[in-house]
Amino acid sequence: MDATQPTSDLTSCPGCADRDRRIAALEARLAALEAKLAVASRAGKRQAAPFSKGPPKADPKTPGRKSGPDYGTHARRAVPAQIDEILEAPLPKHCSCGGALVADTVEPQYQTEIPRKPIHRQFNVHVGHCKQCGGRVQGRHPLQTSDALGCCASQLGPDAQAAIVHLSKDAGLSHGKIGKLFAAAFGITVSRGGVCQAMLRAAGRCLPHYHSILLNVAQAPWIVPDETGWRVGGRSAWLHTFVIDHAVAYLVAQERGFAACGRVIPLHYDGVLVHDGYTSYDKFLDATHQTCLNHLLRRCKQLLEVARGGAASFPRRIQQLLQQGLAIRDRRDAGEILPATAARHATQLHKQLVELVRPAKTHAGNECFAAHLFRQQRAVFTFLKNEAIDATNYRAEQALKMPIVNRKVWGGNRTEDGAAAQGILASVIQTVARSGRQTIDWLSGLLKSPAETPLLIELPAG
């Protein structure tokens, strides 16, 4: 018998042909994945890559609002309600051609400018004593932020301190840049340490208001929690956020998940938690859960990008099921169907979801996703049973945008005190913004008040 078989025998073997097809498919998939990896590796080395959205479109739309009936109201700067100074802009002595000029009319033009000259105040603090008890008493002006005298008598004003807090925690400027801005724009010298001390003092004054925010979060009917990476003293930490209807709370902690959330959310919390599906939130056993559909749809998209053949069926069917739930929500919110009808649809969708995730999956990625969906099955369509609940955790992700921008600039906090101040001041700033008030005005008023001020939000009943 010959040592080698004829080529016709090899090509006619069904097993070999199937093997060759699988090898060809795997080689094509490998080439596609290597190409994607190469693109990602090159993009990561470009300075603008983390913020890039890819190459521009070949035929982009014209920038700006489009003309026509849907353009809307033309915006222009309003005339100032109060005029502080009036300046004349007289005609030149003669025309550019050399001819004489005749005055016809006087037309007004308005300008709004920022004050560049600092205000240096001296408070003559009257000090006395009580004839009855002999105790020391000193006066206080409404613009003072402290009773300190002697070596600590020279201080920044309330508006300046409030602006420092705003520039750091809301605008994301570093301590050094805040000092440079104050020197260049206002002629006020303030060091990095001075900036830090101003924020620590402001955090101390905001502490009662922070506690009231935490109490409101703990008793809210629904909470949207989330977290992002942080640094404290160069060590890894986590910044947690907890969003409710009228307030936002932040907490910087060394722990992630249940250990940190338990410091804000009561262990036996029986409201609704809208989260990203992180398993630590499942430990709140008395709560009703809603997992973020946007996270689930993103996982479907990621699986579909690499799936081949029958492996694409599972994520595609899950994607269609989730989109069907969102369409039912839109119809309910538009008044096309009753809330009770949407709740019945939620029960049907839940059954279909269970039927999809129970069978074992040969694709490893699909099996992992199916296991996650099985754990979260009762939390996927809660938003169809409760009109007040969102289908995603977008509220928490929006609340994290401000600290994430700050993290890009200065990385985190250097000390535990700074981390505590970060949570306090960020919570107050976001809550003030939700109440429709101006952050600097509110903080300035708080810093000027010698006594306890009314809480930013009322304490919950009971």
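The values are calculated or read from the model by the stated rules, or taken from the named source; none is laboratory data. Just so it is clear, the structure is predicted and the values come from calculations on it, not from any experiment. For neighbour counting, all protein chains shown are included, and Cβ atoms are generated from backbone atoms with ideal geometry for every residue, glycine included.
What residue, of Gly325, Gly257, Gly335, is of a type outside the set (D, E, K, R) and exposed (fewer than 13 other Cβ atoms within 10 Å of the Cβ)?
Testing whether each residue is of a type outside the set (D, E, K, R) and exposed (fewer than 13 other Cβ atoms within 10 Å of the Cβ) leaves just Gly335.
Somewhere in segment 29-46, is a residue assigned to a loop (DSSP other than H, G, I, E, B), modelled with pLDDT under 90 and out of contact with any strand residue (DSSP E or B) (no Cβ under 9 Å at 6 or more places or on another chain)? There is at least one residue in segment 29-46 that is assigned to a loop (DSSP other than H, G, I, E, B), modelled with pLDDT under 90 and out of contact with any strand residue (DSSP E or B) (no Cβ under 9 Å at 6 or more places or on another chain). Restricting Glu458, Glu452, Glu355 to those that are over 20 Å from the mean Cα position of the chain (by Cα) and part of a helix (DSSP H, G or I) reduces the list to Glu355.
For segment 163-172, the condition holds for no residue, the condition being that it is assigned to a loop (DSSP other than H, G, I, E, B), aliphatic (A, V, I, L, M) and buried (at least 19 other Cβ atoms within 10 Å of the Cβ). Taking Ile318 as the residue in question, decide whether it is over 21 Å from Thr228 (Cβ atoms), modelled with pLDDT of 95 or more and crowded, with 21+ Cβ neighbours inside 10 Å. It is true that Ile318 is over 21 Å from Thr228 (Cβ atoms), modelled with pLDDT of 95 or more and crowded, with 21+ Cβ neighbours inside 10 Å.
With respect to the conditions (1) farther than 19 Å from Pro225 by Cβ; (2) within 25 Å of the chain's Cα centre (by Cα), Thr382 lacks only one, and its number is (1).
Within the bounds of segment 6-14, is there any residue that is assigned to a helix (DSSP H, G or I) and at pLDDT 75 or above? Yes, that holds for at least one residue. Annotation note: Cβ proximity below 7 Å between a residue of segment 116-141 that is touching a residue at least 60 places away in the same chain (Cβ under 8 Å) and a residue that is surrounded by 10 or more Cβ atoms within 10 Å (Cβ to Cβ) and of a type in the set (Val, Ile, Thr) (sequence gap 6+ or interchain) occurs for Pro118/Ile188. From the list Gly172, Gly234, the one residue that fits, being out of contact with any helix residue (DSSP H, G or I) (no Cβ under 8 Å at 6 or more places or on another chain), on the phi > 0 side of the Ramachandran plot and not polar (S, T, N, Q), is Gly234. For the residues Ala420, Ala342, Ala370, the requirement of being surrounded by 16 or more Cβ atoms within 10 Å (Cβ to Cβ), part of a helix (DSSP H, G or I), among the hydrophobic types (A, V, I, L, M, F, W, C) and over 30 Å from the mean Cα position of the chain (by Cα) singles out Ala342.
Taken together, the residues in segment 391-407 that are surrounded by fewer than 17 Cβ atoms within 10 Å (Cβ to Cβ) and out of contact with any Ser or Thr (no Cβ under 8 Å at 6 or more places or on another chain) amount to 4. Per the listing Arg136, Arg140, the residue uniquely surrounded by 10 or more Cβ atoms within 10 Å (Cβ to Cβ), under 54 Å from the mean Cα position of the chain (by Cα) and among the basic types (Lys, Arg) is Arg140.
Checked against (1) touching a helix residue (DSSP H, G or I) at 6+ places or on another chain (Cβ under 8 Å); (2) in a helix (DSSP H, G or I); (3) modelled with pLDDT under 95; (4) within 21 Å of Arg358 (Cβ to Cβ), Gly310 meets all criteria but (1). Candidates in segment 260-303 are the residues that are farther than 15 Å from Ala220 by Cβ and among the aliphatic types (A, V, I, L, M); of these, the one that is surrounded by the fewest Cβ atoms within 10 Å (Cβ to Cβ) is Leu285. In segment 392-451, of all residues being free of Cβ contacts under 8 Å to residues at least 40 places away in the same chain and aliphatic (A, V, I, L, M), the one that is farthest from His246 (Cα to Cα) corresponds to Ala451. Checked against (1) assigned to a loop (DSSP other than H, G, I, E, B); (2) on the phi < 0 side of the Ramachandran plot; (3) not basic (Lys, Arg), Gly436 passes all but condition (2). The residue of segment 214-239 that is nearest to Gln254 (Cα to Cα), among those that are among the aliphatic types (A, V, I, L, M) and outside any helix (DSSP H, G or I), is Ala237. The number of residues in segment 251-282 being assigned to a helix (DSSP H, G or I) and farther than 26 Å from Gln422 by Cβ comes to 2. For Lys180, the requirement of being among the basic types (Lys, Arg), over 26 Å from Thr431 (Cα atoms), assigned to a helix (DSSP H, G or I) and at pLDDT 90 or above is met.
Taking each residue of segment 191-209 that is surrounded by fewer than 18 Cβ atoms within 10 Å (Cβ to Cβ) and looking for partners that are small (Gly, Ala, Ser) with beta-carbon atoms closer than 7 Å, six or more apart or interchain, yields Ser191/Gly179; Arg192/Gly176; Arg192/Gly179; Leu200/Ala421.
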